[in-house]
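Below: the structure, in structure tokens.
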Amino acid sequence: MSQTEISNPEPREIGQVVEHLFRHEAGKMVAALTGIFGIEHLTLAEDVVQEALARALQTWPFYGVPRNPAAWIMRASRNLALDVVRRQQNFRAKEAEIIRVMDRDVASPDDIIFSEQEISDDRLRMMFVCCHPAIPAEAQVALALKTLCGFSITEIASAFLTTDAAIAKRLTRAKQKIAEAKIPFEIPAGEELSQRLDGVLQSLYLLFNEGYKASAGDKLVREDICEEALRLADLLAGHPAGNQPKTHALLALMLLTAARTPARVDDEGNLLRLRDQDRAKWNPAMIARGLFHLTHSANGEEISEFHLQAGIAACHCAAQDYASTDWEKILALYDRLLEFDDSPVVALNRAVALAEARGPQAGIEAVNAIPNLKSLESYYLFHAVLGDFEWQLNHLPIAAAHFQRALQLAEIKSEKIFLEKRLQTCDQVSGSAAAPDGSRGGQTG
């Protein structure tokens, strides 16, 4: 057995290593091979990496897990790719150049064939391809998850509450659009960079949001999606093309928000409101990183939605407890955010901040003043928020009706359990209020 291998591997260990590689290394490999083959051969690059991972599952149980599994996979991918290049007629014109670039000598089988800088640049190029404006918005995030993050079609379908067939069709159309529009595999420059960067940041924002607040399923948070969004945003912020205030603002927002993830549910997986969270569980290292990037985002005079949202997240992280939260500052930030995004959802969030600062009646009035209020009727948080306001005002039957409607609309198991408990509390307090001895149940808030 080679000295570069680990002896007597367990099948479960093999699967875990390959799964880790598929999630964390496949995107790098696909990007590197696409840079060599050309973006028109993206599917080929994906197939080659998939085959290399399959070979790892077949051979490692017998020969051991390499000491540098990523280098092994990249070497296997390289060898498979060279076989394809030599076989396929459509590579004849640039076969010699491709082979020259890929057929590099390295000192050890454990050495990485492509440098980290090369891989980083190729991943940035792939990011700008996935988020090109010619590709429909709903396909951009799916394409990024598939090509940059190594997610399977089934995982993407689960994340977006749709079928494998629908995601497969979405990805096929996206690749067809890449070919039709002749989207270049490059990092744009000049004015085009500024325009395209906005699209990349928006896609990363949507990607993170889907992870932090899953659309459906048993889990409220998909940490794997959040991690990939953070990894890509960090890669973008560290590259000269993406090293701009709004990129740092988005990364700050992600870090300050993700830092609170460990406290969002209790030990049984039940949802906890911000006021009920154990702040000792918040991740101080992520908060420090978030504040670092928030400071960097202040360079220049540009203010974006991400700056304002990161500022709101920073206010929450700065408060030692719920009672010391600076709601007036958060309210002021929401007022400015509405100038960028006057959507009903942002206005609803502002109403929550207003209620914390001025009382629940002010919150109800702010909700009733939201333009296009009917668009929120199918949004479970709209009814949950109103239910909480009415609860604080001791309007228990009205609160219960809102919680009941929110429960009907909620998709996540932990959200449903939380709302069921609010409903039960409404019934219990109402019963206490009507008791013959005249006693009343206390409000829990």
- Note on the structure: Considering only helices (runs of 4 or more DSSP H) wholly within the stretch 94-150, the ones with at least 3 residues that are buried (at least 20 other Cβ atoms within 10 Å of the Cβ) and modelled with pLDDT of 60 or more are 116-130, 137-147
- Message: Could you tell me how many of the residues in the stretch 272-303 are touching a Cys at 6+ places or on another chain (Cβ under 8 Å) and either part of a loop (DSSP other than H, G, I, E, B) or at pLDDT below 95 (or both)?
- Response: 1
- Can you name the residue in the stretch 361-387 that is open to solvent by less than 50 Å² (accessible area, probe 1.4 Å) and touching a Pro at 6+ places or on another chain (Cβ under 6 Å) and is also nearest to residue 407 (Cα to Cα) among such residues? 376
- Task: Of all residues in the stretch 19-61, count the ones that are open to solvent by 10 Å² or more (accessible area, probe 1.4 Å), in a helix (DSSP H, G or I) and either at pLDDT below 80 or of a type in the set (Asp, Glu) (or both).
- Result: 9
- Subset tally (residues that are touching a Lys or Arg at 6+ places or on another chain (Cβ under 8 Å) and on the phi > 0 side of the Ramachandran plot) for the stretch 31-55: 0
- Query: So how many residues does the stretch 151-165 have that are assigned to a helix (DSSP H, G or I) and surrounded by fewer than 15 Cβ atoms within 10 Å (Cβ to Cβ)?
  - Reply: 3
- Please determine, by comparing only the residues of the stretch 167-185 that are touching a residue at least 24 places away in the same chain (Cβ under 8 Å) and assigned to a loop (DSSP other than H, G, I, E, B), which one is least open to solvent (accessible area, probe 1.4 Å). 183
- Which members of the stretch 398-413 meet the condition of being assigned to a helix (DSSP H, G or I) and touching a helix residue (DSSP H, G or I) at 6+ places or on another chain (Cβ under 9 Å)? 398, 399, 400, 401, 402, 403, 404, 405, 406, 407, 408, 409
- List the pairs whose first member sits in the stretch 338-350 and is more than 16 Å from residue 303 (Cα to Cα), whose second member is open to solvent by 30 Å² or more (accessible area, probe 1.4 Å) and aromatic (Phe, Trp, Tyr), and whose Cβ atoms are under 9 Å apart, counting only residues at least 6 apart or on separate chains? 344/379; 345/379; 346/334; 346/340; 347/334; 348/379; 349/334; 350/334
- Query: Restricting the stretch 316-355 to residues that are in contact with a Ser or Thr (Cβ under 7 Å, 6 or more places away or on another chain) and assigned to a helix (DSSP H, G or I), which is modelled with the lowest pLDDT?
  - Reply: 344
- Message: I need the full set of residues from the stretch 345-360 which are under 22 Å from the mean Cα position of the chain (by Cα) and open to solvent by 20 Å² or more (accessible area, probe 1.4 Å), in order please.
- Response: 345, 349
- Item | Among residues of the stretch 388-415, those that are more than 23 Å from residue 351 (Cβ to Cβ) and either open to solvent by 20 Å² or more (accessible area, probe 1.4 Å) or at pLDDT 95 or above (or both), counted | 1
- Residue set 249, 229; condition assigned to a helix (DSSP H, G or I), within 17 Å of residue 306 (Cα to Cα), open to solvent by less than 30 Å² (accessible area, probe 1.4 Å) and touching a His at 6+ places or on another chain (Cβ under 9 Å); output residue 249
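The values are calculated or read from the model by the stated rules, or taken from the named source; none is laboratory data. A quick note: this is a predicted structure, and the numbers were derived from the prediction, not measured. Positions of Cβ are generated from backbone atoms using ideal geometry, with glycine treated the same way; all protein chains shown enter the neighbour counts. Ligands, DNA and RNA are stripped out before the accessible areas are found, and what is left, the full protein with its side chains, is counted by its heavy atoms. Shrake-Rupley method; radii C 1.70, N 1.55, O 1.52, S 1.80 Å.
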